[in-house]
Amino acid sequence: TLNQQKNRKSPSKTNWSIPSTASELPLSNKDFSHPVYKEIALANGHINRMSKDELRVKLSELKLDTRGVKDVMKKRLKNHYKKQKLLQSAAEGGPTDTYYDYICVVDFEATCEEDNPSDFLHEIIEFPMVLINTHTLQIVDTFQAYVKPEVNPQLSDFCVKLTGITQETVDGADPFPDVLHRVVEWLQERELGTKYKYAMLTDGAWDMSKFLNIQCRISRIRYPQFAKKWINIRKSYCNFYKTKLSTMLEKLGMKYEGRPHCGLDDSHNIARIAVRMLQDGCQLRVNERMHGGQLLSVPSSAPVEGAPPPRNPGNRE
């Protein structure tokens with residue numbers, strides 16, 4: 001389980017070097033007439049005919065994870081063979097599945113009441129981030145800061161019980177603009193958006209389209225450019241595994257680690273799901289964005305772009 005006494009600060013010594021092997025080059029245009037794709041299609045047909053027990057045996061033989069429902073195991077096995085075949089043709093410029101060098105997972109905690117009125121202004125009270133290196137498939141760093149609410153500085157009993165964040169904690173915290181400044185510095189120190197290509201990732205659309213959007217209006221600052229596009233992992237999960245979402249962890253044969261509704265623990269668990277999906281061959285890419293204050297989908301045909309270099313947003317006019 002996650003250590004409840006974990007250091008909530010980001011480690012000062014982290015290796016940010018990225019292996020530069022041919023297998024990690026960006027995904028390029030593919031010629032699907034290449035014989036390798038016929039071999040992959042034949043392997044997929046064979047895997048589709050396998051029973052759950054046969055899938056588990058084969059995954060075990062290959063020393064792959066055997067957890068998860070049948071559809072998840074089929075996807076895992078298919079992508080194992082796909083990667084093997086593409087590695088064999090790497091010398092010929094075979095494509096890979098990595099779009100970004102890093103993925104930054106965010107899961108805000110915000111003020112709330114047991115029965116939120118329709119006009120309730122949710123204010124961010126915890127800003128956590130978990131950083132995934134997509135080449136090593138490891139969680140390499142974390143950031144966490146609590147935030148002092150401005151409109152409703154007194155937390156409801158329901159909010160305290162749900163999040164575990166106390167009144168004393170937020171009273172001693174910095175206001176949101178100051179915390180956002182620290183977030184930008186943290187991202188800049190890791191050379192995200194400059195040396196390394198990265199994308200933000202959330203569990204659903206609300207973190208960015210609602211919580212961050214509302215918070216920026218309350219704090220009278222512009223919405224940050226680096227958070228205008230993100231990966232909604234719920235969409236990616238359903239599209240990749242072709243299965244309805246109950247709980248992603250349960251479907252993947254995993255258990256929650258830590259305290260639910262602790263923003264950093266939630267972010268860690270979302271990151272674990274993202275890592276498992278990358279291991280299973282999912283091409284995680286930006287699929288949602290904000291434009292003119294509105295939530296929009298990003299079509300799969302759109303060019304793949306990383307988030308821009310992080311900068312502090314200016315004040316609203």
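Results, tabulated for the structure shown:
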read-out	value
Residue in region 235-253 that is among the polar types (S, T, N, Q), in contact with a strand residue (DSSP E or B) (Cβ under 9 Å, 6 or more places away or on another chain) and open to solvent by 10 Å² or more (accessible area, probe 1.4 Å) present	yes
Residue in region 217-235 that is in the same structural domain as Arg285 (by the TED database) and within 19 Å of Arg76 (Cβ to Cβ) present	yes
Per-region count, region 98-133, residues open to solvent by 10 Å² or more (accessible area, probe 1.4 Å) and either more than 20 Å from the chain's Cα centre (by Cα) or among the hydroxyl-bearing types (Ser, Thr, Tyr) (or both)	13
Criterion (under 16 Å from the mean Cα position of the chain (by Cα), open to solvent by 20 Å² or more (accessible area, probe 1.4 Å) and aromatic (Phe, Trp, Tyr)) met by exactly one of Trp230, Trp206	Trp206
Yes/no for Arg272 being open to solvent by 30 Å² or more (accessible area, probe 1.4 Å), closer than 25 Å to Leu59 by Cα and assigned to a helix (DSSP H, G or I)	yes
Pair list, Cβ < 6 Å and 6+ apart or interchain, from region 101-124 residues that are under 21 Å from Gly306 (Cα atoms) to residues that are basic (Lys, Arg)	Asp101/Lys197
Residue count, region 251-310 (criterion: under 30 Å from Thr169 (Cα atoms) and outside the structural domain of Leu162 (by the TED database))	1
Looking only at region 37-51, and only at residues there that are touching a residue at least 12 places away in the same chain (Cβ under 8 Å) and not in a loop (DSSP other than H, G, I, E, B), the one that is farthest from Lys85 (Cα to Cα)	Asn48
Entirely in region 136-240, the strands (runs of 3 or more DSSP E) that have 1 or more residues that are in contact with a Gly (Cβ under 6 Å, 6 or more places away or on another chain) and more than 25 Å from Asn116 (Cα to Cα)	198-202
Breaking point among (1) open to solvent by 30 Å² or more (accessible area, probe 1.4 Å); (2) touching an Asp or Glu at 6+ places or on another chain (Cβ under 6 Å); (3) within 27 Å of Asn152 (Cβ to Cβ), for Gln294	(2)
Residue in region 269-285 that is more than 23 Å from Lys83 (Cα to Cα) and either in contact with a Phe, Trp or Tyr (Cβ under 6 Å, 6 or more places away or on another chain) or at pLDDT below 95 (or both) present	yes
Selection count, region 128-181, where residues are in contact with a Lys or Arg (Cβ under 8 Å, 6 or more places away or on another chain) and modelled with pLDDT under 95	0
Meets criteria (modelled with pLDDT of 95 or more, open to solvent by 30 Å² or more (accessible area, probe 1.4 Å) and either closer than 25 Å to Lys63 by Cβ or part of a helix (DSSP H, G or I) (or both)) for Arg289	no
Evaluation of Pro299 against (1) crowded, with 20+ Cβ neighbours inside 10 Å; (2) assigned to a loop (DSSP other than H, G, I, E, B) (one fails), failing number	(1)
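The values are calculated or read from the model by the stated rules, or taken from the named source; none is laboratory data. Model, not experiment: these values are computed from the prediction. Virtual Cβ from ideal backbone geometry, glycine too; neighbours counted across all protein chains shown. Only protein heavy atoms, including side chains, enter the accessible area calculation; ligands, DNA and RNA are left aside. Shrake-Rupley method; radii C 1.70, N 1.55, O 1.52, S 1.80 Å.
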